[in-house]
Amino acid sequence: MGTLKAAAAYFGLVFGAGSVLGAVRVPFLVPRLGERTAELLETPLMLVVVAFAARFIVRRFSLPPFWAVRAVVGGIALALLLAAEFLLVVSLQGRSVGQYIASRDPVSGSVYVASLIFFAAMPSMLLRLNDP
């Protein structure tokens, strides 16, 4: 049960931060810089959020120092993040998931996929960094 709570908290922290940054990026940066540049500028901030959120949930939920447990937390959090994103795309933009994926910029979209992998892996990566 602690694993599910940790995954939900991890998802919530990162999704919340992404929503706040997105609320700044879309109306202020995209019209001035374009979607690609705006997304690429946002990515380093989100990676910092991911690192801090992962560290927080590992400590807050006292996740054991086992790769498998932390990988499950990251995997569940990733599934929640993708489900929320796709639900928002379908309900707010009226596009299918396939249309959304096809419409992504190849450069910023590839960086986004890499950041999703980083998000899922970060709780486990803390083991390699000798962080609890």
Which condition does Val50 not pass, out of (1) out of contact with any Leu (no Cβ under 7 Å at 6 or more places or on another chain); (2) free of Cβ contacts under 8 Å to residues at least 40 places away in the same chain, if it passes all the others?
(2)
Only residues that are open to solvent by 70 Å² or more (accessible area, probe 1.4 Å) and out of contact with any helix residue (DSSP H, G or I) (no Cβ under 8 Å at 6 or more places or on another chain): list them for segment 1-24, please.
Met1, Lys5, Val20, Val24
Of the residues that make up segment 29-46, is at least one touching a Lys or Arg at 6+ places or on another chain (Cβ under 8 Å) and of a type in the set (Gly, Ala, Ser)?
yes
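Being farther than 22 Å from Ala114 by Cα and buried (at least 22 other Cβ atoms within 10 Å of the Cβ) is the filter here, so list the residues in segment 47-64 that pass it.
Within segment 47-64, the first condition is being farther than 22 Å from Ala114 by Cα, and the residues that meet it are 59-64.
Leu63 - this is the single residue of segment 47-64 that is farther than 22 Å from Ala114 by Cα and buried (at least 22 other Cβ atoms within 10 Å of the Cβ).
Take Val58 and tell me if it is aliphatic (A, V, I, L, M) and touching a Lys or Arg at 6+ places or on another chain (Cβ under 8 Å). Steps first, please.
Details: aliphatic (A, V, I, L, M): yes; touching a Lys or Arg at 6+ places or on another chain (Cβ under 8 Å): yes.
Criteria met by Val58.
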Per the list (1) open to solvent by less than 60 Å² (accessible area, probe 1.4 Å); (2) over 21 Å from Pro123 (Cβ atoms), residue check on Pro27 breaks on (1)
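Do we find that Glu35 is farther than 14 Å from Ala77 by Cα, open to solvent by 40 Å² or more (accessible area, probe 1.4 Å) and acidic (Asp, Glu) in this structure? Before the answer, list the steps.
On the way: farther than 14 Å from Ala77 by Cα: yes; open to solvent by 40 Å² or more (accessible area, probe 1.4 Å): yes; acidic (Asp, Glu): yes.
Considered against the rule, which asks whether it is farther than 14 Å from Ala77 by Cα, open to solvent by 40 Å² or more (accessible area, probe 1.4 Å) and acidic (Asp, Glu), Glu35 comes out as yes.
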Does segment 33-43 contain at least one residue that is in a helix (DSSP H, G or I) and in contact with a Pro (Cβ under 7 Å, 6 or more places away or on another chain)?
no
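The values are calculated or read from the model by the stated rules, or taken from the named source; none is laboratory data. These numbers were taken from a predicted model, which means no experiment stands behind them. All Cβ positions, even for glycine, are placed from backbone atoms using ideal geometry, and neighbour counts span all protein chains on display. Surface areas here come from the heavy atoms of the whole protein model, side chains and all, with no ligands, DNA or RNA. Shrake-Rupley method; radii C 1.70, N 1.55, O 1.52, S 1.80 Å.
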